[in-house]
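The next block holds one structure in the form of structure tokens; read it before the comments.
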Amino acid sequence: MKKLNTNFSISKSFPTLILLLFSTFNLMAQDADIKKAAEERQTTEDKGRQLLAKEYPKAMKVLADRTTFGGPGSSMIANRMQDRSPELVTEARSKMEVTNYSDVAGRGLWHIRFPFVNVTLVETPEGLVLLDSGYAAIGQVLVDLIPTLSDKPLLAIAVSHSHVDHAYGAYALLQRWPEAEVITTHAYLEEVSADIELRGSIAKYNNQALEKQPDSPSDLAQPTHTFRDKLDTIIGGEKFSFVHAPGETQGHMWVWLPERKAVATGDFYQGFLPNTGNGKRRQRYTKEWVGALREMISLEPEYLLGMHAAAVTRKDEVASALGITADALEYIRDYTIERLNRGWRKDQIAARMEWPERFAEHPLLKLHYNRPADIARMVAMRYTGWWDDIPSHFAPLEFDAEAAEVLKLAGGVERLEKRGRELLKTDPVLASRLADWAYYGAPNNPQAKRFFMDVYMQRVAAEDTPLQETLVYLSAAAQARAELTVLNEKK
């Protein structure tokens, strides 16, 4: 590492020092503003949720039943995935499920399931390799668990991608096994850098506490070995193939264990329609996602070790599971691109999404987290600009101004609400647009807020609303409920 020159000339360096000090104070002020806004937003939303839980118990029960994937659910962990507090460690440990798939020379292969996410532990002749590390609380659980499964040292941790539910447990593991290698793709570093730069936005969209977001790379386990494309290597006497393929992130990878005929998929396989199109996240890569699944199939794996679903342990079922997922994603991509080329608007492509019966009825493609239309919108976003082909949308206009004008045309909140509640019975999507106009067009109107809450809590209660969509509606309704309390207190 190059040593910094500290022999400054006062006359030459003083302006530079002043600029650095100014920049530092400016960044500190920005961070303080971001933290204050995040705390106010979270406090407001928390108060709103508490009131909604009392007033809409059915909707909240439906939501609670929907938030389980990758193992059992946990409301305690859901919004605290970067938190290492002892009570979260206890919660993760209490809901952990360990399955042993050892079948090679008596060596261990464990698939370990936690609330929301899984990890895989591989025993080589000389040590252990961990595939993914889970969220923060999982790290300490694994520190305690691993010695009970094998007395061999942890040689390496392979992190499939930078998301909180996969990368944050490594921190505690490295405190216990500081010599362990950390293997990631080179693009992982870029993802972590973006996560730090956008920490306030990510905290909001992930429903996580801002103070737990990393603000420097040192807050995460640092990779000791990065690669591009593919890494074929031997760790502890066993062969591993690490394969880079953009998927949920640019730096995503999956792992092939040739001696065991096992594939650890990262998030490429999820046991439901994959989270390949998320309106609150950065770009996802459908084409490469399909390619990764096809490459896995070509290896003829006998074990499929996913990070959000139970393991699949029959060769024909593994091929089927990977194949139907690839077919579904490829269909959505082809559908979207074909219609873009025909000149369809993006809203038309998503709203008119055709979903064949063989996908709609398949148990491994349930619309648990998102919809085919969400994936179509992300495909379109990747290949086109932000414009949606509506002429007036090319020039920027705050939605609040549009909503206020619509309210005038409608004759006020009462008339808009009347029509909205009628539509809610037959067309809840259109009813929601009317609710938005009322809420944003009349920000100090209690009736508009109640209408808005009723519409979106009904959307939360609907059995066919995917999880990510549900969380959007709940956050919006919670904000409105807290604001309604403030308005009532002013009367």
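The values are calculated or read from the model by the stated rules, or taken from the named source; none is laboratory data. Computed from a predicted model, the values in this text were never measured in an experiment. Glycine gets a Cβ as well: all are built from the backbone with ideal geometry, and neighbour counts include every protein chain shown.
Does the stretch 454-476 contain at least one residue that is of a type outside the set (Val, Ile, Thr), over 25 Å from the mean Cα position of the chain (by Cα) and closer than 30 Å to Asn275 by Cα?
Yes, the stretch 454-476 contains at least one residue that is of a type outside the set (Val, Ile, Thr), over 25 Å from the mean Cα position of the chain (by Cα) and closer than 30 Å to Asn275 by Cα.
Can you go through Arg93, Arg84, Arg66 and tell me which one is within 26 Å of Tyr168 (Cα to Cα) and at pLDDT below 90? Every option except Arg66 fails the conditions. Annotation: of all residues in the stretch 160-197 being aliphatic (A, V, I, L, M) and over 20 Å from Lys212 (Cα atoms), the one that is nearest to the chain's Cα centre (by Cα) is Ala187. When each of Gly200, Gly169, Gly251, Gly237 is tested for being in contact with a Gly (Cβ under 6 Å, 6 or more places away or on another chain) and in the same structural domain as Asp83 (by TED's automatic domain parsing), the lone residue that passes is Gly169.
Among the numbered conditions (1) touching a strand residue (DSSP E or B) at 6+ places or on another chain (Cβ under 8 Å); (2) surrounded by fewer than 24 Cβ atoms within 10 Å (Cβ to Cβ), the only one that Leu305 does not meet is (2). Checked against (1) surrounded by fewer than 18 Cβ atoms within 10 Å (Cβ to Cβ); (2) modelled with pLDDT under 95, Asp347 passes all but condition (2).
For every residue, the table says whether it meets (1) under 16 Å from Leu52 (Cα atoms); (2) free of Cβ contacts under 8 Å to residues at least 60 places away in the same chain; (3) among the small types (Gly, Ala, Ser).
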{"residue": "Gly420", "(1), (2), (3)": "no, yes, yes"}
{"residue": "Leu424", "(1), (2), (3)": "no, yes, no"}
{"residue": "Asp427", "(1), (2), (3)": "no, yes, no"}
{"residue": "Ser432", "(1), (2), (3)": "no, yes, yes"}
{"residue": "Asp436", "(1), (2), (3)": "no, yes, no"}
{"residue": "Ala442", "(1), (2), (3)": "no, yes, yes"}
{"residue": "Phe451", "(1), (2), (3)": "yes, yes, no"}
{"residue": "Val455", "(1), (2), (3)": "yes, yes, no"}
{"residue": "Gln458", "(1), (2), (3)": "yes, no, no"}
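It is to be established whether one or more residues within the stretch 427-441 are out of contact with any Cys (no Cβ under 9 Å at 6 or more places or on another chain), farther than 24 Å from Glu45 by Cβ and not assigned by TED's automatic domain parsing to the domain that holds Gly247. Checking the stretch 427-441: at least one residue is out of contact with any Cys (no Cβ under 9 Å at 6 or more places or on another chain), farther than 24 Å from Glu45 by Cβ and not assigned by TED's automatic domain parsing to the domain that holds Gly247.
Search the stretch 133-170 for residues being among the polar types (S, T, N, Q) and in a loop (DSSP other than H, G, I, E, B), and hand back the single one that is nearest to Glu191 (Cα to Cα).
That would be Ser162.
If I filter the stretch 171-190 down to residues being assigned to a helix (DSSP H, G or I) and in contact with a strand residue (DSSP E or B) (Cβ under 9 Å, 6 or more places away or on another chain), which single residue comes out as surrounded by the most Cβ atoms within 10 Å (Cβ to Cβ)? Here the residue is Tyr188.
In the set Ala328, Ala292, only one residue is assigned to a helix (DSSP H, G or I), over 26 Å from Leu130 (Cβ atoms) and small (Gly, Ala, Ser); that residue is Ala328.
Arg66 - would you say it is within 17 Å of the chain's Cα centre (by Cα), basic (Lys, Arg) and within 21 Å of Ala461 (Cα to Cα)? Yes; evaluated as a whole, the condition is true for this residue. In the stretch 77-92, the residues that are among the polar types (S, T, N, Q) form Cβ pairs under 7 Å with partners that are assigned to a helix (DSSP H, G or I), at six or more places apart or across chains, as follows: Gln82/Ala136; Gln82/Val164; Gln82/Lys212.
Return yes when Gly323 is in a helix (DSSP H, G or I), surrounded by fewer than 23 Cβ atoms within 10 Å (Cβ to Cβ) and free of Cβ contacts under 8 Å to residues at least 40 places away in the same chain and no when it is not.
Taking the combined requirement at face value, the residue satisfies it.
For the stretch 77-94, a residue qualifies if it is under 21 Å from the mean Cα position of the chain (by Cα) and part of a loop (DSSP other than H, G, I, E, B), and the qualifying residues are Asn79, Arg80, Met81, Gln82, Asp83, Arg84. Taken together, the criteria place Asp195 among residues that are in contact with a Pro (Cβ under 7 Å, 6 or more places away or on another chain) and surrounded by 20 or more Cβ atoms within 10 Å (Cβ to Cβ). Any chance you could count how many residues in the stretch 284-309 are modelled with pLDDT under 95 and among the polar types (S, T, N, Q)? Within the stretch 284-309, residues that are modelled with pLDDT under 95 and among the polar types (S, T, N, Q) number 0. The residues of the stretch 236-260 that are over 17 Å from Pro125 (Cα atoms) and part of a loop (DSSP other than H, G, I, E, B), listed by number, are Ala245, Pro246, Gly247, Glu248, Thr249, Gln250, Gly251, His252. Selection of the stretch 96-111 for residues being modelled with pLDDT of 95 or more and among the aromatic types (Phe, Trp, Tyr) yields only Trp110. Taking Asp144, is it farther than 24 Å from Thr67 by Cα, of a type in the set (Asp, Glu), touching a residue at least 12 places away in the same chain (Cβ under 8 Å) and surrounded by fewer than 17 Cβ atoms within 10 Å (Cβ to Cβ)? Criteria met by Asp144.
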